[in-house]
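This report refers to the structure that appears directly beneath it.
The values are calculated or read from the model by the stated rules, or taken from the named source; none is laboratory data. Because the structure is predicted, anything quoted here is derived from the model rather than measured. Note that we place each Cβ from the backbone using ideal geometry, even for glycine, and neighbour counts take in every protein chain shown. Remember, those area values only see protein heavy atoms, side chains included, never the ligands or the DNA or RNA. Shrake-Rupley method; radii C 1.70, N 1.55, O 1.52, S 1.80 Å.
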Amino acid sequence: MSQASAWAILLSVFLSVSCNRPQTLDESRLRGAAQDSANWLMYGRTYDDHRFSPLSQINEQTVAKLGLAWSRELSTTRGLEATPLVEDGVLYTTGSWSVVDALDAKTGDVRWTYDPKVARERAYFICCDVVNRGVALYRGKVYLGTLDGRLIALEGRSGTPVWSAAASDSTKPYSITSAPRIAKGLVIIGNAGAEYGVRGYISAYDAESGKLSWRCYTVPGDPAQGFESKALKDAAKTWTGEWWKVGGGGTPWEGIVYDPTLDLLYFGTGNPTAWYRALRRGGDSLYTASILAVHRSNGQLAWYFQTTPGDNWDFDATQPLMQADLTIGGRVRKVIMQANKNGFFYVLDRETGKFISGTPFVSGVTWATRLDRETGRPIESPGYADFRPVIASPSPDGAHNWNPMAFSPATGLVYLAAKAGTQFVHAPDAKWKYNPDRTNLGLDPLYDGPLNARLAWLPAAKGELVAWDPVKQQAAWRANYPTVEGGGVLATAGNLVFQGRADGWLAAYRASDGTRLWRFDAGTGIIAPPVTYSVDGTQYVSVMAGWGGGAALFNAPGSGPVRPGYGRILTFKLGGTATLNPPAFGHQEPPTPVLSVSASPRVVHEGGLLFNTHCAGCHGINAVAGPLPDLRYSNRDTLERIEDTVLGGNRASLGMPSFQKILNPIEVRAIQAYIVSRARESAKAAGNQLK
Ligand code: CA
C-alpha cells in the first residue's frame, strides 16, 4: 500500500468517525431543536416549550398498533413528574429524591444512575412529594436541581459530579423540584418553599464552572439593608408590616423559559407568605403570583404581570409558560401563554408584558368574575377575599397546575390538563404567627365549622383534557375522564395528543377533534408528560408512570379513581409486544384493628383535626392514604411506639421526620386515638368482625 492510499484510508476512517460522532449539544443545536426530530433536548423540547414533535410514524392511522417496547422499574412508590430528555439514543430522567438515571433509549438498559443522597428528613419541608421534573443537557453535562437546594453538574457519559453549587440556604426550608434551564452558557434555577416562609429568587450559574453569575429576587428584603434593585424598591411599596421576617414567598418553583431572540428569561412566581391578604395587612405583594421577564445577561427585571394581585388563595403563577407567534387582530404578536392555577388562560405580549387577553378555561371559577379588558387585573367576586371562612374555586391545587401543556402548530390549539370545579374551605387564622418550624399558610388548622360539611355536598370536581384556542380564547374540544388529576401533555405531527392520568391510563387522542384512538393500562397513576423521540428510524413514546404529588398524598375524597403503585418508565413503539405485570400495591382487605379506643370521643375528634392538619399532607385526609403508608393498617408495635416515631424521629431515614418542634405528647396520643378509631370505623364499615 502506498503512503498516499494509507493516508486516504486513515482520512476516511477519521471522517466517518467524526460524522458519526454525536454533535456537541451547544447553543446553536438547542436553538435548532425544532428541526432535530429524533431528539428531545430540552424540557419543552424547544425553547418555545411547545412539546410538539414533528415525528409522525406513530399517527392517527397507525396508533392502534402502539405497544410497549420496554419498561424499567424505578424503585419508588412516589410521584414521578419528570420530562425525560433524549440526546442521540440516551434518555436522561429523574425519579424520587432527585435521583438521575441515564438509560439506553432503545432498550431501557441503565447506563448510569446518580443519587445525590438527599437527607430524607428534608421531606418535612417539601409540600408536595419528593419529586423532580427533570434535568437539563448542555455541552456534555447533565444539570440537576436537588430537593435539598443544590444545583449539580454531572459528566454526561458517566454521571460523575463535576461541580455542585448551593443554590439556596440549606438552613432555610428551600427546595428544588424544577428542571434547570440553559440560556446561552448559563444554567438558570429557581426554588420552592413559599408555603413555609422563604424569599423567592432565581439564580444563574456559569454552566462550565458553576460560578454564580447573578441572582434575581422576586420579593423585597429588609428595607433597612437596602434594596438590590429599583424593581425591588418599587415592589416594597406594595407590602405592609414586616414581611421580610417571614420571607415573603414568591418562589419560582416551576419552569423558567427563554427566548434567545429577545434574550429574555420568563418565569412565574408562587404565593406570598402567608396565604391570606389580611394576614399580610393588604397590598398587592409584588412580585408574587406574577409572570416576570428578566434580562438573561444580568437578571434585571424587563417587565412583570401580576396574575393574582394580593393573592389570597394560593394562586401560584408557576404553571408552565409557552411562547408562540400568533396572529391576533390581524397582527402577528410574540406572545407568552399560561393556563393559571386561578382558572384564567392568559395571553401576554412577551416583548412588553402587555395584557392581550384572559378567559376562564374551566367552569365554576368563583373567586373572580372576569379580568379587566385593558389591564388584565381580576375583578374579584365580593366576599371571596374577606377575612372569614369561605369556599372558593379553584382550590389551591388549581384549575391547572405544573403539568406541562402542549401546542400543535398544525391545529393552532394548546392542550392541557384542566380541573374544573375544585373547591376549598379557606378559613384564615386570626391567631397565626410566623413559626420557622412549620408551614405558614395562615390557614386555621382546627377550623371545624359548617363549611366543612357543605363542601361534601358541592358538585364534585372533574378532570378534562382541554384543547384551547388561544386566539379565540375558547375551547375547541374537551375530553372528560373519571378522575380529577390528569398528566402533562404531548402533541405530535401524527395529529395526536398523548396524556396519562391518575387512574393509570395513558391515552392518545386525535389532536383535531379529541376522539380517543388508543389507550394503555399503566398500572399506576400518571402525572408526568410523555415525550417522543426516534432511534435508528423507529419512533418511541416514553412516559414516567408514578402516582404522587401534593394532591395524591392528600388523597382528598372526590378525586375519582386513583392508582398508587410502583413507579417505572414506560416506552412504546409500533408493534411493541412487551408486557407489564405490575405487582399489587396497597391493601386489598379492610384494616384489622389491633388496639381499642381508650380516649374519649372529644379527644378522638381533636386527634382528627390534628391529623388532618399535620399528617394528612402525606398520609391522606381522614387517614385514608394514597402512595404513602396508610396508618389505619399500622401494627400494634407501630401504634404503641407512635411517640418514638412522631417525636423521636426513629423513621427519619425513611422520610418520616420528627414533629418534636410542633406537637406535644398529649397531641400525639390524640392522633394515635384517632388513627385507632379510623381503623375500627373502616373495619366496621367493611363488615369485619371487631376484635
Ligand atoms: Ca403555593
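Below, the figures for the structure above:
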quantity: Residues within the stretch 398-425 that are touching a strand residue (DSSP E or B) at 6+ places or on another chain (Cβ under 7 Å), open to solvent by 20 Å² or more (accessible area, probe 1.4 Å) and within 16 Å of the ligand (Cβ to nearest atom), tallied; calculated: 1
quantity: Residue identified as of a type in the set (Val, Ile, Thr), surrounded by fewer than 18 Cβ atoms within 10 Å (Cβ to Cβ) and at pLDDT 95 or above among Ile666, Ile671; calculated: Ile666
quantity: Residue in the stretch 146-177 that is nearest to the chain's Cα centre (by Cα), counting only those that are of a type in the set (A, V, I, L, M) and more than 17 Å from Tyr196 (Cβ to Cβ); calculated: Leu151
quantity: Answer from Pro404, Pro382, Pro396 - the residue that is on the phi < 0 side of the Ramachandran plot, over 22 Å from the mean Cα position of the chain (by Cα) and part of a loop (DSSP other than H, G, I, E, B); calculated: Pro382
quantity: Matching residues, the stretch 565-579, being surrounded by 20 or more Cβ atoms within 10 Å (Cβ to Cβ), of a type in the set (A, V, I, L, M, F, W, C) and farther than 13 Å from Ile526 by Cα; calculated: Phe572
quantity: Selection within the stretch 426-442 - under 21 Å from Tyr384 (Cβ atoms) and either in contact with a His (Cβ under 7 Å, 6 or more places away or on another chain) or open to solvent by 70 Å² or more (accessible area, probe 1.4 Å) (or both); calculated: Ala430
quantity: The lone exception for Gly241 - which of (1) part of a loop (DSSP other than H, G, I, E, B); (2) at pLDDT 95 or above; (3) more than 16 Å from the ligand (Cβ to nearest atom) it fails; calculated: (2)
quantity: Residue list for the stretch 565-592, restricted to those being part of a loop (DSSP other than H, G, I, E, B) and polar (S, T, N, Q); calculated: Thr577, Thr579, Asn581, Gln588, Thr592
quantity: Neighbours by Cβ (under 9 Å, 6+ apart or cross-chain): first from the stretch 179-194, on the phi > 0 side of the Ramachandran plot; second of a type in the set (A, V, I, L, M, F, W, C) and open to solvent by 10 Å² or more (accessible area, probe 1.4 Å); calculated: Gly193/Phe125; Gly193/Ile126; Gly193/Cys127; Gly193/Trp253
quantity: Of all residues in the stretch 309-340 being within 15 Å of the ligand (Cβ to nearest atom) and acidic (Asp, Glu), the one that is farthest from Glu374 (Cα to Cα); calculated: Asp314
quantity: Arg139 vs. criteria open to solvent by 20 Å² or more (accessible area, probe 1.4 Å), under 29 Å from Arg111 (Cβ atoms) and not hydrophobic (A, V, I, L, M, F, W, C); calculated: yes
quantity: Residue satisfying condition, being open to solvent by 10 Å² or more (accessible area, probe 1.4 Å) and small (Gly, Ala, Ser), within set Ser213, Ser178; calculated: Ser213
quantity: In the stretch 330-362, the residues that are buried (at least 24 other Cβ atoms within 10 Å of the Cβ), among the polar types (S, T, N, Q) and free of Cβ contacts under 8 Å to residues at least 60 places away in the same chain; calculated: Asn342
quantity: Selected residue (criterion: surrounded by the most Cβ atoms within 10 Å (Cβ to Cβ)) from residues of the stretch 545-564 that are outside any helix (DSSP H, G or I) and touching an Asp or Glu at 6+ places or on another chain (Cβ under 6 Å); calculated: Gly549
quantity: Qualifying position, being at pLDDT below 95 and surrounded by 19 or more Cβ atoms within 10 Å (Cβ to Cβ), among Thr77, Thr93; calculated: Thr77
quantity: Unique residue being more than 16 Å from the ligand (Cβ to nearest atom), surrounded by fewer than 22 Cβ atoms within 10 Å (Cβ to Cβ) and not polar (S, T, N, Q) when the list is Gly108, Gly145, Gly134, Gly149; calculated: Gly108
quantity: Among the candidates Gly576, Gly607, Gly586, Gly620, residue that is more than 30 Å from Leu85 (Cα to Cα), of a type in the set (Gly, Ala, Ser) and over 26 Å from the mean Cα position of the chain (by Cα); calculated: Gly607
quantity: Any hit, the stretch 319-332, residues being basic (Lys, Arg) and within 17 Å of Ala289 (Cα to Cα); calculated: no
quantity: Residues being within 16 Å of the ligand (Cβ to nearest atom) and assigned to a loop (DSSP other than H, G, I, E, B) - total across the stretch 199-238; calculated: 3
quantity: Hits in the stretch 648-691 - residues which are free of Cβ contacts under 8 Å to residues at least 24 places away in the same chain, under 35 Å from the mean Cα position of the chain (by Cα) and over 30 Å from Pro173 (Cα atoms); calculated: Glu681
quantity: Tally of residues being in a strand (DSSP E or B), over 16 Å from Ala406 (Cα atoms) and either open to solvent by less than 20 Å² (accessible area, probe 1.4 Å) or of a type outside the set (Phe, Trp, Tyr) (or both) across the stretch 519-544; calculated: 8
quantity: Hits in the stretch 293-308 - residues which are open to solvent by less than 10 Å² (accessible area, probe 1.4 Å), more than 16 Å from the ligand (Cβ to nearest atom) and under 23 Å from the mean Cα position of the chain (by Cα); calculated: Ala293, Val294
quantity: Filter result for Val100 (more than 20 Å from Ala406 (Cβ to Cβ), crowded, with 23+ Cβ neighbours inside 10 Å and not small (Gly, Ala, Ser)); calculated: yes
quantity: Among residues of the stretch 244-262, those that are among the charged types (D, E, K, R) and within 14 Å of the ligand (Cβ to nearest atom), counted; calculated: 1
quantity: Residues of the stretch 271-292 classified as of a type in the set (Lys, Arg) and either within 16 Å of the ligand (Cβ to nearest atom) or in contact (Cβ under 8 Å) with a residue 60 or more places away in the chain (or both), total; calculated: 2
quantity: Total residues in the stretch 457-485, condition touching a residue at least 12 places away in the same chain (Cβ under 8 Å), open to solvent by 50 Å² or more (accessible area, probe 1.4 Å) and over 30 Å from Gly412 (Cα atoms); calculated: 2
quantity: All positions within the stretch 183-210 that are of a type in the set (A, V, I, L, M, F, W, C) and open to solvent by less than 10 Å² (accessible area, probe 1.4 Å); calculated: Ala183, Val187, Ile188, Ile189, Ala194, Val198, Ile202, Ala204, Ala207
quantity: Among the residues listed as Gly442, Gly398, Gly449, the single one being modelled with pLDDT of 95 or more and either touching a Pro at 6+ places or on another chain (Cβ under 8 Å) or more than 24 Å from Leu371 (Cα to Cα) (or both); calculated: Gly442
quantity: Residue in the stretch 252-270 that is at pLDDT 95 or above and at positive phi present; calculated: yes
